[in-house]
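Please treat every number below as a calculation from the coordinates, not as lab data. Because the structure is a prediction, the values reported are computed rather than measured. Note that we place each Cβ from the backbone using ideal geometry, even for glycine, and neighbour counts take in every protein chain shown.
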Amino acid sequence: MTIRVLGCSGSIAAGSRTTAFLVDDDLLVDAGTGVGDLSLDELLRIDHVVVSHSHLDHVLAIGLLADTVSRRRIATGRAPIAVYALPATIAALRTHVFNDVIWPDFSRLPSVERPLLRFVPFAVGDVLCFGARRVEVLPAAHTVPAVGFAVQPREGAPAWVFSGDTGPNPALWQRLRALPVAHVVIETAFGDEDAALAAISGHLSPSSLADELSRLAPGVDVHVTHVKPGEVDTVMRQVAALGLSHRIHTLASGQRLTLDATG
């Protein structure tokens, strides 16, 4: 199983893309601006999108994806693109995005019987299966209802874990103690000089990241994501100065991670 980093920034700037990951060639984890770097043929192969929460930097490409591939999916009789999310996230998307004002309601177009999108609700603890691949819905602690995900190439294999946008989140680490984990992608949106802002906005700073990672078993690769453009060097210097025992990496668009299904 291959995970391609399409976007991992907290905002946009030249060379920066907001959060999106492509699992193999058919499954998106979040749908930020990084989706726009895929070719038309690559976009056409996407059949599933799992969404961590309703904020724009994680969802804005869903509607653009549906619009871009609409003619070719209809012509070839493809099933609707399935968008999996919390009920509150689906309600937010229907009310604020797919409302025929901000964007057409592709869950009813080109027809109610054969739409381009279908929304599928999930709950924390659910496991979604895509062939042998498993996506477990993990808890997150943010300003809106939110989740993270643990993605496994098969049951029992080491997981790639995405925290989603989250502040301090004891429930996440409690669950991960029972899972085999190879990689954790975790946000650190602000530097420690903005720790108060991170706290009130449901994000982490380097110091709170250190507190979180103290609950993670050793031997796991940790990838820091969701840093604001222009702040990556500062945030990563602050993370390095904490002397954490984990292998810490800076996540960047274009990276690929491979998980072995036999592991």
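For the range 34-45, give me each residue that is within 20 Å of SER70 (Cβ to Cβ) and surrounded by 22 or more Cβ atoms within 10 Å (Cβ to Cβ).
Listed by number, the list holds a single entry, VAL35.
Going through the range 206-256 one residue at a time, which ones are within 20 Å of GLY10 (Cβ to Cβ) and part of a strand (DSSP E or B)? Across the range 206-256, the qualifying residues are VAL222, HIS223, VAL224, THR225, ILE248, HIS249, THR250. Put simply, of VAL185, VAL151, VAL239 the only residue that is farther than 16 Å from LEU138 by Cβ and crowded, with 19+ Cβ neighbours inside 10 Å is VAL239.
Being surrounded by fewer than 17 Cβ atoms within 10 Å (Cβ to Cβ), touching a Lys or Arg at 6+ places or on another chain (Cβ under 9 Å), under 15 Å from ARG118 (Cα atoms) and not aromatic (Phe, Trp, Tyr) narrows it down to one of ALA91, ALA79, so name that one. So that I can check it myself, show each step before the final result.
Working: ALA91 fails: touching a Lys or Arg at 6+ places or on another chain (Cβ under 9 Å).
Residue meeting the stated conditions: ALA79.
In the range 118-132, the count of residues that are buried (at least 18 other Cβ atoms within 10 Å of the Cβ), outside any loop (DSSP other than H, G, I, E, B), among the hydrophobic types (A, V, I, L, M, F, W, C) and in contact with a helix residue (DSSP H, G or I) (Cβ under 9 Å, 6 or more places away or on another chain) is one or more. Here GLN152 fulfils each of the conditions (1) farther than 18 Å from ALA261 by Cα; (2) in contact (Cβ under 8 Å) with a residue 60 or more places away in the chain; (3) not acidic (Asp, Glu) apart from (1).
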